[in-house]
Amino acid sequence: MPQLGETVAEGKIVKWFKSVGDVLAAGEVLFEIETDKTSMEVPAMAGGALAEIRVQAGQTVPVGAVVAVLSAGASSVASSDSSPVNGGAGQISAPAPAAAAAPAPAAAAPVQRSLDPFNAVVSPEKTFGPATLANGAKVTPLARRLAAQAGIDLSTLKGSGPHGRIVAADIAAAPTAAPASGGASTATGATLDQVRALYTDVPYEEIALDGMRRTIARRLVESKQTIPHFYLTLEVGLEPLLDLRKRINASGAVKISVNDFVVKAYALALSQVPAANAVWAEDRILQFQRADVGVAVAIPGGLLTPVIRNAETKSLSAISAEIRDLAGRARERKLKPAEYQGGSAAISNLGMFGVREFMAIVSPPHATILAVGAGMRRPVETEDGGVRFESRMTVTLSVDHRVVDGALGAQLLAAFKAIMENPISALI
């Protein structure tokens, strides 16, 4: 089971495109997988015969689990009812021993692979340690991150993955530090039975968590528990921007949304205040020379944040087209990992739902996320003491105080406001 990102711990086999006994070439699509973030077709990394299918369609197994066995020759193909995954925690059962048979022409031994065409997805060594330990053991990116966060010494573990590789399941099974004196529970909420007991007289439906909802829950709890948030809020005048947008859209060539201006303006602001265009990396800060801005997209059951790369250099029309494409494929769960991983900051816009203002949760390792409210007609005081109404929008910047201090966050927000209120600068 390939790892499609550092936070992906398991995958579900949706469909097999080949059957046991089929001979295939390297690069042919073998199966389709679904994770908490995306769906993707996985190609064979080597040619040969499909000797075993160990994980049937519909089953979910951890990253690194062997889902199939390729053989160098068709003569060594196993029976089609090879051992599947056991019903437990994704353990792989051993294949049944072959029955005695008459000597046959020698065939190359089956080569077991994790079928991982995405091994370029790695965790920065400076952040969570090297991929290869001093004792030679290999560690997956997710396992390195989990071990670092849990304070687990990787050298004390024995990997259960392919070729002894240490995987996320090994971290989960590792003993943790003893609880503080007094034996207080570290649970952060009531048990399922305790919650059920509160609603014995209330009709309800239990909805099992899927991979996406579990990941969202885990990452947001992690964010609120480990990131020292603070928040900065201001109003942005929209009259010049709305007038410019009206003239652009009247041309008929392109249709630009307010959100397209927001993405462009925030990217330019990050470029103007480079110290805020950064992420937290445990023992250092990574400061970027370009603005890769994530845009939160609501999808059934959760959300994804595809990233607009080099957003500060792109035209409004290019940003608009890219957002439409990425958002559409995000809703179909067809994004590639490279399209939603990374980024230096993010934007969450709930203005289209009429939300006046809100505070978003920073998504690590980002240091900032801009929460955008709806544009509304509001009264403002004129220079002569009178009152006029104009379109204004409230934005709130959520900040990781480890990376960005108050004054620096205020500079970033002021730069964003200046660009939004003089939108012609976004076209230069």
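The values are calculated or read from the model by the stated rules, or taken from the named source; none is laboratory data. Keep in mind the model is a prediction, meaning the values are calculated, not measured. Reconstructed Cβ throughout: ideal geometry from the backbone, glycine too, with neighbour counts over all protein chains shown. What goes into the accessible areas is simple: the full protein's heavy atoms, side chains included, and nothing from ligands, DNA or RNA. Shrake-Rupley method; radii C 1.70, N 1.55, O 1.52, S 1.80 Å.
Backbone phi angles across segment 262-268, fed through the Karplus curve with coefficients 6.51, -1.76 and 1.60 (θ = phi - 60°), yield HN-Hα couplings of 4, 4, 4, 5, 5, 5, 5 Hz in residue order; Gly and Pro are listed as x. Here the extension length gained between K246 and A190 equals 14.9 nm, from 0.36 nm per residue of separation less the Cα-Cα distance. Sequence-distant contacts, meaning Cα pairs under 8 Å at least 6 residues apart, place the relative contact order of segment 377-428 at 20 percent.
Rolling a 1.4 Å probe over the protein heavy atoms leaves K18 with an accessible area of roughly 40 Å².
Accessible surface for L30 stands near 0 Å², nearest 10, in the context of the full protein assembly shown (1.4 Å probe).
Sorting T140, T156, T305 by solvent-accessible area of protein heavy atoms yields T156, T305, T140, largest first, with a 1.4 Å probe. Dividing the Cα radius of gyration of segment 150-309 by 2.2 N^0.38 Å, with N the residue count, gives 1.55. Rolling a 1.4 Å probe across all protein chains gives E339 an accessible area of roughly 40 Å². Note on exposure: H366, H163 ranked by accessible area (1.4 Å probe, complete protein assembly) read H163, H366, with the most exposed listed first. Taking amide H as placed 1.01 Å from N in the peptide plane, the amide H of L335 sits under 5 Å from that of S39, each at least 5 places away or on another chain. When the pairs K138/K224; K314/K336; K18/K336; K246/K334; K18/K158 are compared against a 25 Å limit on Cα-Cα distance, K138/K224; K246/K334; K18/K158 fall above it. Apply the a/c threshold of 1.5 to the C-alpha gyration tensor of segment 278-413 and tell me whether it is rounded, prolate or oblate. Oblate, because a/c is 1.5 or more while a/b does not exceed b/c. Spacing of the modelled spin labels on Q59 and S19, each 7 Å from Cα toward Cβ, amounts to 1.9 nm.
Please identify the GluC sites (Glu not before Pro) of segment 355-428 that satisfy two criteria: DSSP loop assignment and at most 15 other Cβ atoms within 10 Å. Which are they? Loop-located and lightly packed - E383.
For the pair K334 and D384, a Förster radius of 60 Å applied to the C-beta separation gives a FRET efficiency near 0.60, rounded to the nearest 0.05. Counting only the Cα atoms, segment 227-338 fills a convex hull of 152 Å³ per residue.
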